[in-house]
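Written below as structure tokens is the structure these notes are about.
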Amino acid sequence: MGINILGMGSYVPEQVLTNDDFTKFVETNDEWIRTRTGIVSRHMAGWEPAWYMGREAARRAIEKAGINPAEIGVVIACTLTNDFLTPSMACIIQNEIGAVNAAAFDLNAACSGFVYGVDTARRFLDTDSSMKYALVITSEALSRFMDFEDRGTCILFGDGATAAVIERSDKLYSSYLGSDGSGAQYLYARSLRVAPEIAVEKEFDDGFEVKDNMHRLIQDGKAVYKFAVNALPSAFEGAAEKAGITKDDIDYFVPHQANVRIIETAAKKLGVSMDKFIVTLDHYGNTSSSSIPLALNEAIDKGIIKRGMKIALIGFGAGLTYGGIVMEY
Ligand code: UT7
């Protein structure tokens, strides 16, 4: 069984931080950021809650899809920056949008979130014939978890939200999801402050580094880079092989938007021209779970991705996680 993305919506906060803005608080420059990452600017949520951004995106997606929110059977919110440990972001948004007949839960697969979320939605629709629509939301307020003294990470990330109303269909669809928890320490943020002296006591020692600013995102950029340049092509190949198609059948690849050099290397490995890759990281930065759907929705709005085209959504992220979907839009 395949799916149809009936309608999508995006929301990014108004505030924009350019590369030059970062020179005010870390030793960096526009040239380094552009050439090493491809990023030029990104949106910042400030204290705008992640659930609020997600709700705005959800309202737009529902309006585009032209459906009644009461017909949504499941709300899946993909996020690693929920405003609360509990309740879930999905429950808050479910109430805000009037999805009164929906189950609701959050899904944390970091930057692979949208791929995992769409695939989970498809499985709900496949196994429950009474369910008409699934709503997959992504919302990230990553700036709240940034160490703005760490120039190696703070320049990379941005904030934003998306949503997609999904229904079942008989269109082409195949997925390939995976994880490698042995790389968990390459990219992490603690959810609770833990006193360092307690965290490092042997019985509590989880092996993750402890810093003063413990809930900040900590990354080994080089290790993630190495993982990413293999994860992107293999996530695509895993999904394509299952579907019995090849790279030549794909009209557009929509990869996770972390670093343009990662995308270029993946394109080269796959033997696919960069013209077939949607790149929006120059103006969004890395928005984690929102990165693939922000790029997808922008390409749809611009008329680049059209109905009937075959697309590949390919992601990787903390966990470590990876995932690919090939589908007809
Ligand atoms: O969603 C998944 C998220 N993460 C990723 O996908 C990250 C993957 N990794 C990357 O994208 C890259 O590794 C980074 C962009 C994070 C770093 O690029 P790099 O080419 O691996 O640089 P590097 O870490 O090797 O640093 C090279 C130099 C260092 O200086 P020295 O030691 O050579 O003197 C850094 O201190 O660049 C320096 N540097 C900077 N300089 C100016 C690091 N960050 C900056 C900066 N501005 N913002």
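The values are calculated or read from the model by the stated rules, or taken from the named source; none is laboratory data. This structure is a prediction, so every number in the text was calculated from the model and none was measured. Neighbour counts are summed over all protein chains in view; Cβ atoms, including those assigned to glycine, are modelled from backbone coordinates with ideal geometry. The accessibility values were calculated without ligands, DNA or RNA, using every heavy atom of the protein model including side chains. Shrake-Rupley method; radii C 1.70, N 1.55, O 1.52, S 1.80 Å.
Values as computed for the structure displayed
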| read-out | value |
| --- | --- |
| Tally, over the range 268-291, of residues that are assigned to a helix (DSSP H, G or I), crowded, with 24+ Cβ neighbours inside 10 Å and not aliphatic (A, V, I, L, M) | 5 |
| Which numbered condition ASN108 misses (of (1) within 16 Å of the ligand (Cβ to nearest atom); (2) over 21 Å from PRO255 (Cβ atoms); (3) of a type outside the set (A, V, I, L, M); (4) open to solvent by 20 Å² or more (accessible area, probe 1.4 Å)) | (2) |
| Contacts under 9 angstrom Cβ, first residue in the range 21-42 being closer than 12 Å to LEU281 by Cβ, partner more than 9 Å from the ligand (Cβ to nearest atom) and open to solvent by 70 Å² or more (accessible area, probe 1.4 Å), 6 or more apart | GLY38/GLU264; VAL40/ARG34 |
| Residue within the range 299-307 that is within 12 Å of the ligand (Cβ to nearest atom) and either loosely packed, with under 15 Cβ neighbours inside 10 Å or modelled with pLDDT under 95 (or both) present | no |
| Any hit, the range 270-286, residues being within 15 Å of the ligand (Cβ to nearest atom) and at positive phi | yes |
| Any chance ARG261 is assigned to a loop (DSSP other than H, G, I, E, B), within 16 Å of the ligand (Cβ to nearest atom) and under 19 Å from the mean Cα position of the chain (by Cα) | no |
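Results for (1) surrounded by 14 or more Cβ atoms within 10 Å (Cβ to Cβ); (2) modelled with pLDDT of 95 or more; (3) assigned to a strand (DSSP E or B); (4) touching a helix residue (DSSP H, G or I) at 6+ places or on another chain (Cβ under 8 Å), shown as yes or no for each residue.
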{"residue": "GLU14", "(1), (2), (3), (4)": "no, yes, no, no"}
{"residue": "ASP20", "(1), (2), (3), (4)": "no, yes, no, yes"}
{"residue": "THR28", "(1), (2), (3), (4)": "yes, yes, no, yes"}
{"residue": "ILE33", "(1), (2), (3), (4)": "yes, yes, no, yes"}
{"residue": "ILE39", "(1), (2), (3), (4)": "yes, yes, no, yes"}
{"residue": "GLY46", "(1), (2), (3), (4)": "no, no, no, yes"}
{"residue": "TRP51", "(1), (2), (3), (4)": "yes, yes, no, yes"}
{"residue": "GLY54", "(1), (2), (3), (4)": "yes, yes, no, yes"}
